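The values are calculated or read from the model by the stated rules, or taken from the named source; none is laboratory data. All values reported here derive from a predicted model rather than from experimental measurement. Cβ placement follows ideal geometry from the backbone for every residue including glycine, while neighbour counts extend to all protein chains displayed. What goes into the accessible areas is simple: the full protein's heavy atoms, side chains included, and nothing from ligands, DNA or RNA. Shrake-Rupley method; radii C 1.70, N 1.55, O 1.52, S 1.80 Å.
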Number of protein chains: 2
Amino acid sequence: MTALNDPHYKQRADLLKAMAHPSRLRMLAALEDGPLCVCDLQKIVGSDMSTVSKHLSVMRAAGLVSDQKRGLQVFYELRVPCIMRFFACMESVLNPNESDGEAVCTT
Amino acid sequence: MTALNDPHYKQRADLLKAMAHPSRLRMLAALEDGPLCVCDLQKIVGSDMSTVSKHLSVMRAAGLVSDQKRGLQVFYELRVPCIMRFFACMESVLNPNESDGEAVCTT
DNA sequence: GTCATCTTTGGCTATTCTACCAAATAACCA
DNA sequence: TGGTTATTTGGTAGAATAGCCAAAGATGAC
């Protein structure tokens, strides 16, 4: 069994990959304040609408967000409250000297 | 300012990307128990030595690991104690019903 | 029904990533 | 010095990803 086909690590890699894009991270951050429609997210990230839609479908496939249709619009909602911990943890990795890193990296 | 060229999100995306590969995750997990040389890691992930070396150089560039030469061997060491929090958080995302998720996702 | 709006999908190209092989480099030993 | 082992680097082919445009769906307004 190599690491490549171990489903345990494959699953985790897929989840990380679904987050590992500036626009997708920006969208996840925006969704922390509540659901947003695609047009809102499109304004926030500033890319083509079709590009935004594809990013969202990547994140939905990974289980990071869910979608719900309301009239013409489709609202996306964060499915992972834990995502803030991720960001806080990343922050402490990127800026290890900042004090708020302590609260997260206690191990 | 679009999300694409926002250095804040670019930086985070790069860090996630450096982790988003099954072999690299496997190596990070192995390094939690202490430094390992490339040959050890090569046995663990089961890929070609050159492939492993390139994975390590990706993680080193991202600041996830550091390297130190001892004789013929090069030992890699985890630079991010926080990495366990990442994994615990991912675990709770992937398996939201398991009890150990509670300890991490309290927000 | 037609029209307008919001979103997704298909197609295409360019870029990036990955893995293997072969060759080069580095360090130790005899 | 020459040989052996450990690691890195270069090259390359294939796969995956990203972005844009155009077209197609879906829904509501008229």
### Message
Please report the carbon-and-sulfur percent of the accessible area for the range A:3-79; probe 1.4 Å, protein heavy atoms only, DNA, RNA and ligands left out.
### Response
49 percent
### Message
Check which residues have an amide H placed less than 5 Å from A:F75's amide H, if you skip close sequence neighbours.
### Response
A:Q68, A:K69, A:R70
### Task
Using only atoms on other chains, find how many Cβ atoms lie within 10 Å of each Cβ of peptide A:73-86 and report the average.
4
### Task
For B:S50, go 7 angstrom from Cα along the Cα-to-Cβ vector, then report the distances to that same point in the other copies in nm, smallest first.
3.8
### Query
Magnitude of the Cβ-charge dipole of the range A:3-79, K/R +1 and D/E -1, about the Cα centre, nearest 20 debye?
140 debye
### Message
Tell me the per residue accessible area of the range A:3-79 using a 1.4 Å probe; a whole number in Å² is fine.
### Response
49 Å²
### Message
Taking B:K69 in one copy and the same position in all the others, each labelled 7 Å out along Cα→Cβ, what are the pairwise distances from the first, in nm, shortest first?
### Response
6.2
### Message
Straight-line reach only, C-alpha to C-alpha below 16 angstrom: list the lysines that A:K43 could link to, leaving out same-chain residues fewer than 8 apart.
### Response
A:K54
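As a test of the definition: with a 1.4 Å probe, what buried accessible area, both sides summed, do you compute for B against A, in Å² to the nearest 100?
3700 Å²
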## Note on the structure
Expected unfolding gain across A:A61-A:D48 under the 0.36 nm per residue rule, minus the alpha-carbon gap, is 2.7 nm
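Out of every Cα-Cα pair in the range B:3-79, what percent are more than 17 Å apart?
43 percent
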#### Entry: 1.4 Å probe, heavy atoms, protein only - residues of the range A:5-39 losing at least 30 Å² accessible area vs chain alone
A:Y9, A:Q11, A:R12, A:A13, A:L15, A:L16, A:A20, A:P22, A:L25, A:R26
### Message
Using a label point 7 Å beyond Cα on the Cα-Cβ vector, give me the inter-copy distances for A:G34 in nanometres, one decimal, shortest first.
### Response
5.3
### Summary
Taking R0 as 22 Å and r as the Cβ-Cβ distance between B:L72 and B:D33, the FRET efficiency 1/(1 + (r/R0)^6), rounded to the nearest 0.05, comes to 0.50
